[in-house]
Amino acid sequence: MKKIYQFLLCSVVLALFASCGIQMPTSVNHNENQTQVQLAGKNYKIVKQVSGTADASYIFGIGGMSSKSLAKNSYAEMVKAADLTGSQAIINVTTEESNLFALVYLKRSITTHGTVIEFIE
């Protein structure tokens, strides 16, 4: 009988840690550029898509970085991946946040996506 209780207790604990996760992706466009560029004509070409990611882990809500710092790091990683040269620019910048909850553990990931264009005229 004691082994049955131990087995049930282990099963409950395992089920709690294995099945209590929540994934909440959100997507936001924080396009706050002050530069005005005309993209209506055929004066540019699309070079590539780039992205950058920043992660942080929290236990009992303690640890990691703030959302603002994560977003800045994510943006910096995207710009680094873009490796801009000459008359290139990043347009259509979007930010995606994903949170994974598991009891006392939280993993927050922020990914920033953009399109690199190059002006040809």
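The values are calculated or read from the model by the stated rules, or taken from the named source; none is laboratory data. Values in this document were obtained by computation on a predicted structure and should not be read as measured data. Here the Cβ is made from the backbone with ideal geometry for all residues, glycine too, and neighbour counts use every protein chain on show. Heads up: the accessible areas ignore ligands, DNA and RNA and are worked out on the full protein's heavy atoms, side chains in. Shrake-Rupley method; radii C 1.70, N 1.55, O 1.52, S 1.80 Å.
Here are a few things to note about the model shown:
- Set of aspartates and glutamates with alpha-carbon distance to K48 below 12 Å, sequence-local pairs under 8 removed: D83, E118
- Heavy atoms of S11 accessible to a 1.4 Å probe, total area in Å² rounded to 10: 50 Å²
- Pairwise FRET efficiency - A40 versus V104, Cβ, R0 = 35 Å, nearest 0.05: 0.10
- Straight-line cross-link partners of K107 among the aspartates and glutamates, defined as a Cα under 20 Å from its Cα and at least 8 positions apart when in the same chain: D55, E77, E96, E97.
- Local electrostatic count, Y44, Cβ distance below 14 Å [Lys/Arg +1, Asp/Glu -1]: +1
- Relative packing of 53-62, 88-97, which averages over residues the other C-beta atoms within 10 Å, highest first: 88-97, 53-62
- By average C-beta atoms within 10 angstrom, highest first, the peptides 77-85, 40-48: 77-85, 40-48
- The calculated FRET efficiency for I62 paired with Q88, based on their beta-carbon distance and R0 = 41 Å, is about 0.50.
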